[in-house]
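S.K.: Quick one: the structure is below, questions incoming.
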Amino acid sequence: MITKEEFDHQRRLARRARRRDHYRRGLRSLAIAGWNTSKEHNVGTLVRTAHAVAAEEVVLVGDRDWNVEAAKTSEYFTDVTILEDETALLEHVRKRGWSLVAVELDSRAVSLFDAEYPENPCFLLGAERDGLPRSLIDAAEIVVQIPQWGLVPCLNLAVAGSIVLYDYLAKQQQKGALDRPEGGLVPLEDS
């Protein structure tokens, strides 16, 4: 005989699986990646934002724990792929068909306001202290810089990730290519 606690637990897991399947029907062909992110809360926030925009996955490069609390249950529904190094990242991007978009302060960077994103973008954000390695900047299809007018030269990694994801969606909306611009899940088909 099963206990009430076990029954309730199984019911919660089944409900979560149904909700995840429903959510996954509406994923968008985009990803966000963090390179050797040093602050755990930034990763949790990226996972939460990736979930909010229905990104296919979050890619983390390097050995790093992350703050699940900042994700606020988004980690149950959002795929998080952890890769060891640059070689693994580039191979993963190639296999998944992503177009690498580096978000970095660089002479090659275009302003976020002027950026024209490729199809299937994977937005790559650099480590908070050291940014992205030159080889990854060079491997990117486009390098994007978020304009700033303050004395601090860069934004928090999680904030920068959120800005570029929503800028991408806004540009998709302007082109008439954004499904569900009002938000929400893909409607379930009538049985």
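The values are calculated or read from the model by the stated rules, or taken from the named source; none is laboratory data. Just so we're clear, the structure is a prediction, and the values are computed from it rather than from any experiment. Ideal geometry is used to build each Cβ from the backbone, glycine not excepted, and the neighbour counts take in all protein chains shown.
S.K.: Where residues in segment 123-158 are in contact with a Ser or Thr (Cβ under 8 Å, 6 or more places away or on another chain) and part of a helix (DSSP H, G or I), which of them is farthest from Val53 (Cα to Cα)?
M.R.: Step by step, filter segment 123-158, then rank; the result is Leu157.
S.K.: Is it the case, given these coordinates, that Val61 is within 24 Å of Arg129 (Cα to Cα), in contact with a Phe, Trp or Tyr (Cβ under 6 Å, 6 or more places away or on another chain), free of Cβ contacts under 8 Å to residues at least 60 places away in the same chain and not hydroxyl-bearing (Ser, Thr, Tyr)?
M.R.: yes
Condition check ((1) within 15 Å of the chain's Cα centre (by Cα); (2) over 20 Å from Tyr168 (Cβ atoms); (3) modelled with pLDDT under 95; (4) β-branched (Val, Ile, Thr)) across all residues:
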{"residue": "Ala55", "(1), (2), (3), (4)": "yes, no, no, no"}
{"residue": "Arg64", "(1), (2), (3), (4)": "no, yes, yes, no"}
{"residue": "Ile82", "(1), (2), (3), (4)": "yes, yes, yes, yes"}
{"residue": "Asp85", "(1), (2), (3), (4)": "no, yes, no, no"}
{"residue": "Ala88", "(1), (2), (3), (4)": "no, yes, no, no"}
{"residue": "Lys95", "(1), (2), (3), (4)": "no, yes, no, no"}
{"residue": "Glu104", "(1), (2), (3), (4)": "no, no, no, no"}
{"residue": "Phe113", "(1), (2), (3), (4)": "no, no, no, no"}
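S.K.: Hey, His41 hits all of (1) surrounded by 16 or more Cβ atoms within 10 Å (Cβ to Cβ); (2) in contact with a strand residue (DSSP E or B) (Cβ under 6 Å, 6 or more places away or on another chain) but one; which does it fall short on?
M.R.: (2)
S.K.: Within segment 171-191, restricting attention to residues that are loosely packed, with under 12 Cβ neighbours inside 10 Å and at positive phi, which residue is modelled with the highest pLDDT?
M.R.: The selected residue is Gly176.
S.K.: Does His92 meet the test of being surrounded by 13 or more Cβ atoms within 10 Å (Cβ to Cβ) and under 22 Å from Asp130 (Cβ atoms)?
M.R.: Criteria met by His92.
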